[in-house]
Amino acid sequence: MYSATQIDASNFVEGVDRAFVITLGFSFLFLIVLTFLMILFIVKYRRSKHPKAVQIKGNTKLEIAWTVGALVLVLVLFYYGWAGWKPMMNPPDDAMKIKAIARMWQFQFVYDNGKVTDTLYVPVNQSVVPGMKKDMWFRAQRVDEFDLFCAEYCGLQHSYMYTGVNVLSEEDFDRWYNDTTAAKPAEGVPEWEGGLNVMRKNGCNVCHSSDGSKLVGPSYLGVFGSTRVVETGGADREVVADSTYIRTAIYDPDADIVKGFNRGLMLSYEGLVTEEEIALIIEYLKHLNQ
Ligand SMILES: [Cu+2]
């Protein structure tokens, strides 16, 4: 819960909160006024008192009043929204760049040193710019953990599209940033576990289950080596899910669509998942069959 003594979580909290409170304030005002008028009219113009309705044909003053009134109101809302948003679009020159990828239904963050995560890690009191077509930035001001939600109503699994923002102290962040060992499977860890890590990192599990249950895409369970009916270029055909099939499914997901599933729901992971990582994923799929 917000307390007055706490430092704002980011440098943009004030502008966003102001726009939010004003919007909420107007909403409450209208809720109260409209509910009151509704009840008043129900009582005042009830049938027993007013058996015959009076027809009113146009009232220029009234129409001008609510047109202008509504215009002024939305302009006020627009102004506060715009004033809160505008400074977010002008990142300072010393801002640290993090490439943020949001896809249905998962987030991925790519750092300059090649580190890739599904959670956003940022140092406290340092401006960061998640790379977008138009740059947007923020500066975390408090070491803490926060929720990060998808703000677009983007489809089937939208409600599961959330992750976290971890704000670390400068030392902790440097330690985390320079620790690249976590990306590779440690000595003695089986390859299939490396494959599972690759899939977690890329959010594959959002749409594919490992227990045979049907989600957006087919389950991993029993896939490798199985014979499947897929639709390729409008015609059904049978294929054996071998290494080539798995590779195609990751790099060109719309090429073969498993019967019972829909086209166009998965984007290509070419350039995001390497050939070596695909080999690890295949090890994981083989492991599931055991
Ligand atoms: Cu969404």
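Only the coordinates and a few stated rules stand behind these numbers; no lab work does. Note that the structure is predicted; figures quoted are calculated from it, not measured. Don't worry about glycine lacking a Cβ; one is built from the backbone with ideal geometry, like all the others, and counts go over all protein chains shown.
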| Using mean Cβ contacts within 10 Å as the protection proxy, how do 7-16, 275-284, 257-266 order, highest first? | 275-284, 7-16, 257-266
| task | Please name which of Ser213, Val240, Ser226 has its Cα lying farthest along the dipole of the stretch 184-288 towards the positive end, using unit charges on Cβ (Lys, Arg +1; Asp, Glu -1) and the Cα centre as origin. | result | Ser213
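For the stretch 59-212, what class follows from the C-alpha gyration tensor (a ≥ b ≥ c being the square roots of its eigenvalues): rounded when a/c is under 1.5, otherwise prolate if a/b is larger than b/c, else oblate?
Working: a/c = 3.63, a/b = 1.80, b/c = 2.02.
Oblate shape, in that a/c is at least 1.5 and b/c is the bigger or equal ratio.
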| note | Summed over the other residues with a beta carbon less than 15 angstrom from that of Glu270, with K and R at +1 and D and E at -1, the charge totals -3
| task | Work out how much length Arg18 to Glu145 would gain on full extension: take 0.36 nm times their residue separation and subtract the Cα-Cα distance, in nm to one decimal. | result | 43.5 nm
| remark: Per the C-alpha gyration tensor (a ≥ b ≥ c, the square roots of its eigenvalues), the chain is rounded if a/c is under 1.5, else prolate if a/b beats b/c, else oblate; here it's oblate
| field | Dipole of the chain [Lys/Arg +1, Asp/Glu -1 at C-beta], most positive-end residue of Ile278, Trp85, Val54 | value | Val54
| remark: The set of residues whose placed amide H lies less than 5 Å from the amide H of Gly164, leaving out same-chain residues fewer than 5 positions away, is Leu120, Leu148
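Which loop-located trypsin sites (Lys or Arg not before Pro) does the stretch 213-257 contain, where loop means any DSSP state but H, G, I, E or B and the Cβ has at most 12 other Cβ atoms within 10 Å?
Details: sites: Lys214, Arg228, Arg237, Arg247; in loops: Lys214.
In loop regions of the stretch 213-257 (DSSP not H, G, I, E or B), the sparsely surrounded trypsin sites (Lys or Arg not before Pro) are Lys214.
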| So how strong a dipole does the chain carry about its Cα centre when Lys and Arg Cβ are +1 and Asp and Glu Cβ are -1, to the nearest 20 debye? | 2580
| Additional length obtainable on full extension of the chain from Glu152 to Phe26, 0.36 nm per residue less Cα span | 43.0 nm
| message | Nearest 10 degrees is fine. How inclined is helix 275-288 to the longest principal axis of the chain, computing both from alpha carbons? | response | 90
| remark: With +1 at each Lys and Arg Cβ and -1 at each Asp and Glu Cβ, the charge dipole magnitude of the stretch 13-89 around its Cα centre, to the nearest 20 debye, comes out at 700
| message | So if I place +1 on the C-beta of Lys and Arg and -1 on the C-beta of Asp and Glu, and nothing else carries charge, what would the dipole magnitude of the stretch 66-185 be about its Cα centre? I want it in debye, nearest 20. | response | 480
| Considering the dipole of the chain built from charges on the beta carbon (Lys and Arg +1, Asp and Glu -1) around the Cα centre, which of Met136, Tyr121, Val110 is farthest to its positive end? | Met136
